[in-house]
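Novice: I'd like to ask some things about the structure below.
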Amino acid sequence: MEPKTVGLKGFNAASDTKNISGLVAGSVIMTLEGEMPVQFLSPGDRVVTRDTGMATIKAVRPRKLVCDAVAIMAGSLGHTRPDRDVVVPAGQKILIRDWRAEALFGQKQAMIPAAQLVDGEFLTLHEGVELTIYEIEFDRAHVIYADGLEVASYIADSAFADAA
């Protein structure tokens, strides 16, 4: 079955829109210069990471596409997490370090796709949403801060090992 975006100019069709990751335009990223919208980042900028303290951006790639997305209400993943209502692609991996990780995975923390956190009330799935996402690439996988969430940076081979 072909995605409905086939033939639409400027869109990247994906066979499985639930696996797309990246940060939506307007996402606020914690950098060494302070908070900055993702669309203003460029190679060479230094980003605050959970795992190494700081990492230098290798590449930033914007993509306009139609994919499944998860809307997350402010504060629904912990005190001020996220710090405002946000939307992420359904495949974006989020680090959870609270009772959810313990209850769902029997671990103190877990890196999981946003779609697996959907509860229908505070985190809702929206199918076929048109988004501009930004893939931020570093020399290796990192956990970065975006809108008060701890999220996985873009990984070209999508084999993100638990980096936290």
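Novice: Could you look through region 65-84, keep only residues that are under 15 Å from residue 120 (Cα atoms) and either in a loop (DSSP other than H, G, I, E, B) or touching a helix residue (DSSP H, G or I) at 6+ places or on another chain (Cβ under 9 Å) (or both), and pick out the one that is most open to solvent (accessible area, probe 1.4 Å)? Give the steps one after another, and end with the answer.
Specialist: Step one: filter region 65-84 for residues under 15 Å from residue 120 (Cα atoms), giving 68-74, 76-77.
Checking the rest, the ones that are also either in a loop (DSSP other than H, G, I, E, B) or touching a helix residue (DSSP H, G or I) at 6+ places or on another chain (Cβ under 9 Å) (or both) come to 68-70, 72-74, 76-77.
Numbers: 68: 14, 69: 2, 70: 0, 72: 4, 73: 83, 74: 50, 76: 17, 77: 16 Å².
This residue is 73.
Novice: Looking at 115, 101, which one is free of Cβ contacts under 8 Å to residues at least 60 places away in the same chain and either under 21 Å from residue 40 (Cβ atoms) or not in a strand (DSSP E or B) (or both)? If you could, list the steps in order and put the result at the bottom.
Specialist: Working: 115 fails: free of Cβ contacts under 8 Å to residues at least 60 places away in the same chain.
Unique residue meeting the criteria: 101.
Novice: Can you say whether residue 154 is within 15 Å of the chain's Cα centre (by Cα), open to solvent by 20 Å² or more (accessible area, probe 1.4 Å), of a type in the set (Ser, Thr, Tyr) and modelled with pLDDT under 95, as far as the supplied structure shows? Give the derivation first.
Specialist: On the way: within 15 Å of the chain's Cα centre (by Cα): yes; open to solvent by 20 Å² or more (accessible area, probe 1.4 Å): yes; of a type in the set (Ser, Thr, Tyr): yes; modelled with pLDDT under 95: yes.
So residue 154 passes the test.
Novice: A follow-up question, please. Restricting the search to region 94-116, which residues are small (Gly, Ala, Ser) and more than 24 Å from residue 22 (Cα to Cα)? Quick ask: steps written out before the conclusion?
Specialist: Let us first name the residues in region 94-116 that are small (Gly, Ala, Ser), namely 101, 103, 106, 110, 114-115.
If the condition is that a residue be small (Gly, Ala, Ser) and more than 24 Å from residue 22 (Cα to Cα), then 103, 106 are the ones that fit.
Novice: Which one is modelled with the highest pLDDT, of the residues in region 1-24 that are surrounded by fewer than 14 Cβ atoms within 10 Å (Cβ to Cβ) and under 21 Å from residue 90 (Cα atoms)? Let's see the steps before the verdict.
Specialist: Here is the first cut: in region 1-24, the residues surrounded by fewer than 14 Cβ atoms within 10 Å (Cβ to Cβ) are 1-2, 4, 6-7, 9-10, 15-16.
Now restrict to residues that are under 21 Å from residue 90 (Cα atoms): 1-2, 4, 6, 10, 15-16.
Working: 1: 39, 2: 41, 4: 41, 6: 39, 10: 40, 15: 42, 16: 55.
Among residues in region 1-24 that are surrounded by fewer than 14 Cβ atoms within 10 Å (Cβ to Cβ) and under 21 Å from residue 90 (Cα atoms), the one modelled with the highest pLDDT is 16.
Novice: Quick check on my filter: what residues within region 45-64 are more than 29 Å from residue 118 (Cβ to Cβ), assigned to a loop (DSSP other than H, G, I, E, B) and open to solvent by 50 Å² or more (accessible area, probe 1.4 Å)?
Specialist: Of everything in region 45-64, those that are more than 29 Å from residue 118 (Cβ to Cβ), assigned to a loop (DSSP other than H, G, I, E, B) and open to solvent by 50 Å² or more (accessible area, probe 1.4 Å) turn out to be 52, 58.
The values are calculated or read from the model by the stated rules, or taken from the named source; none is laboratory data. From a predicted model like this one, the values you see are computed outputs, not experimental measurements. Ideal geometry is used to build each Cβ from the backbone, glycine not excepted, and the neighbour counts take in all protein chains shown. These area figures cover heavy atoms from the full protein model, side chains too; ligands, DNA and RNA do not enter into them. Shrake-Rupley method; radii C 1.70, N 1.55, O 1.52, S 1.80 Å.
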